[in-house]
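Written below as structure tokens is the structure these notes are about.
The values are calculated or read from the model by the stated rules, or taken from the named source; none is laboratory data. Note that the structure is predicted; figures quoted are calculated from it, not measured. With ideal geometry, Cβ positions are generated from the backbone for all residues, glycine too; neighbour counts draw on all protein chains shown.
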Amino acid sequence: MKFNPQTNLLQFRFHRTFAYMATFKPQYCARYVLALSMIILSSCELTRPPSPLSLPYESIDLPINVPPPTPDQAILFNRSVKAHFDSLKKANGITVRGYVSRNREFFEKILKPVLASRVYDLANQHPVWVINAITLFSHRAYQAYFGKGFYRWGGDILDLDDPQEAGARCEYAFGLDCSGFASMPYDVAVQLGVLDPASIGALFSSDGFALYCRQHPMQDLGGRDSTSNRHRVDTYDFLRMGREIFALDRGTFPMDDQMGLLQPGDIVCTSGHVGIIVDINGEPYYVESGGWVLPRSGNNPYHAREALAIFAHEAPLTIRRALPDYRVQVATAVRP
């Protein structure tokens, strides 16, 4: 059966019910089918998401707007710029060779000047909304400069990863892989000084990860040949750090109580891919680099309920968090 994240749960219940009906006497089946049809029709609206399935950025009021590239900026920063081929001698004596990314240059020259003008506002917000604003701004900016799909194997915002010889678009200078994108808002927040690297909320940043490794029996093995890549947070690192909010088995769907637990900055993880949760108009949405969710919507933010269903259709997943629990803090603050 073709998978449809909006209707698949209903389809599953429908087919399970008809399997059960096979045990009924014939004279009862017609009544049961009529009753079941009425229930399904009345519940159709309840199975749909309360917000659009995906949202183009043109329809979103972003916390921080992305200025369009100037002609000079578009020449310097575009998806066709080739990477420099170089070598790096690792701490264990091994030399690795490959293409070197230049995402930090994009951060310093394009992203940081805009974000720096908003540092005061960001510093006075809860970390959840800091990460939310930076994630949406950065995702939109990368699309504006490098196209809707800006995946680049081994790409992270601080260029911490090793030179890459093979992998999707590794020969190009700009772009982020899935973990490079998911860790980007945390790295950027630390670089801007609006997130303390020593705080537990900065755990998914490279500085936070480095501190964590020094304080716990954990090694940074994300580089080539299982060597360090300067504490660049990789997919495997996300799975080992933070706290699990909930998990979904393969082929299952998030329930309402699980959806209510989500907050911006939560990382959606499988063993081979990660993405991140954002808030748009009070609803949880999902964004990523690469993967199999956003490409079906033109790489626009995708409603988290359906995104998690698609994600879990491919593999079991876990939702992991480093930031403080925003809703718990708010509830505690207003409690008499």
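Some values worked out for this structure:
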read-out: The stretch 125-175, residues that are without any contact (Cβ under 8 Å) to a residue 24 or more places away in the chain and either under 15 Å from the mean Cα position of the chain (by Cα) or outside the structural domain of ASP220 (by TED's automatic domain parsing) (or both); value: none
read-out: Filtered residues of the stretch 192-209 (kept if in a helix (DSSP H, G or I) and surrounded by 23 or more Cβ atoms within 10 Å (Cβ to Cβ)); value: GLY201, ALA202, SER206, GLY208, PHE209
read-out: Checklist (1) within 30 Å of HIS313 (Cβ to Cβ); (2) touching a residue at least 40 places away in the same chain (Cβ under 8 Å) applied to GLY208, failing item; value: (1)
read-out: Some residue of the stretch 326-334 being closer than 18 Å to ILE134 by Cα and either in contact with a His (Cβ under 6 Å, 6 or more places away or on another chain) or surrounded by 15 or more Cβ atoms within 10 Å (Cβ to Cβ) (or both); value: yes
read-out: Matching residues, the stretch 53-85, being over 18 Å from the mean Cα position of the chain (by Cα), surrounded by 13 or more Cβ atoms within 10 Å (Cβ to Cβ) and in a helix (DSSP H, G or I); value: GLN73, LEU76
read-out: Where GLY291 falls short, out of the listed (1) within 25 Å of GLY222 (Cβ to Cβ); (2) at pLDDT 95 or above; (3) under 15 Å from the mean Cα position of the chain (by Cα); value: (2)
read-out: Any hit, the stretch 36-50, residues being touching a strand residue (DSSP E or B) at 6+ places or on another chain (Cβ under 6 Å) and either at pLDDT 85 or above or surrounded by 14 or more Cβ atoms within 10 Å (Cβ to Cβ) (or both); value: yes
read-out: Of all residues making up the stretch 167-191, the number that are among the hydrophobic types (A, V, I, L, M, F, W, C) and either in a strand (DSSP E or B) or at pLDDT below 95 (or both); value: 1
read-out: Per-region count, the stretch 211-239, residues aliphatic (A, V, I, L, M), crowded, with 16+ Cβ neighbours inside 10 Å and either more than 19 Å from VAL268 (Cα to Cα) or not assigned by TED's automatic domain parsing to the domain that holds GLY272 (or both); value: 1
read-out: Criterion violated by VAL33 - all others in (1) in a helix (DSSP H, G or I); (2) at pLDDT 95 or above satisfied; value: (2)
read-out: Residue identified as modelled with pLDDT under 95, more than 20 Å from PRO52 (Cβ to Cβ) and of a type in the set (Gly, Ala, Ser) among GLY272, GLY265; value: GLY272
read-out: Yes/no for PHE246 being in a strand (DSSP E or B), more than 18 Å from THR135 (Cα to Cα) and in contact with a Leu (Cβ under 7 Å, 6 or more places away or on another chain); value: yes
read-out: Condition met for ALA116 (out of contact with any His (no Cβ under 9 Å at 6 or more places or on another chain), over 19 Å from TYR302 (Cα atoms), surrounded by fewer than 23 Cβ atoms within 10 Å (Cβ to Cβ) and among the aliphatic types (A, V, I, L, M)); value: yes
read-out: Scope the stretch 301-327; condition touching a helix residue (DSSP H, G or I) at 6+ places or on another chain (Cβ under 7 Å), assigned to a loop (DSSP other than H, G, I, E, B) and over 20 Å from TYR236 (Cβ atoms); matching residues; value: LEU323, PRO324
